[in-house]
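Scroll down for the structure; my scribbles are underneath it.
Readers should treat all values here as calculations from the given coordinates under stated rules, not as data from a laboratory. This is a predicted model, so every value here is computed, not measured. Here the Cβ positions follow ideal geometry from the backbone for every residue, glycine too, while neighbour counts run over all protein chains shown.
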């Protein structure tokens, strides 16, 4: 009998609670959708704009797609609309310039109402800021239209860190979203983002309006474990770990192989 090769994957589901025994169900379908949106962010800007990239075929129907790039920071993201859902996806680490920002472990103040003593990874924050002004303006335009009831935010690696800070920005800028659409944050291989004060504040922000956040990681991937905890960097204060064994190279292993798919 042929020995089956298996891999153990830790999917860290960051399920944000508003009370005891209240939690959102993790959706493999939605996570897979987010995964391919995250992968699409690595494609060339022209292919994303026309929604003709290889990964785009996994999520057909995205409209009003706009790509945002910053050559100085080597950052890229896109925003589009699929039915009633706005999609926001950030590209992960691409070149040496990105790595230099990844390794910038200094803290930057994250100034928001109620976020006392909040600090975030200055490199990740800087990368997001290189795109955010234009993205925010376009998001405001899309939300002003009718029929939007949710915002799916995703990214892989560095893109996941940028996505997390972007989600924090959206939830702290209520005038931008008068209709309060639900935020769904799915990240893959995301490094740690901020200090404990930031994590606690973001947890409360997600809980307040029933938003959801999931951080999908592989136990052998070093990226989710940086910056080191000795620098007092946190992702969120609460995590619900689920260990799953999947057969390698099957469709059911899609979420297990998130990092591999995105390489």
Taking a ≥ b ≥ c as the square roots of the Cα gyration tensor eigenvalues, with a/c under 1.5 meaning rounded and otherwise prolate when a/b beats b/c or oblate if not, region 107-200 comes out prolate
Additional length obtainable on full extension of the chain from residue 106 to residue 46, 0.36 nm per residue less Cα span | 18.2 nm
Given R₀ = 41 Å, FRET efficiency for residue 122-residue 146 by Cβ-Cβ distance, to 0.05?
-> 0.60
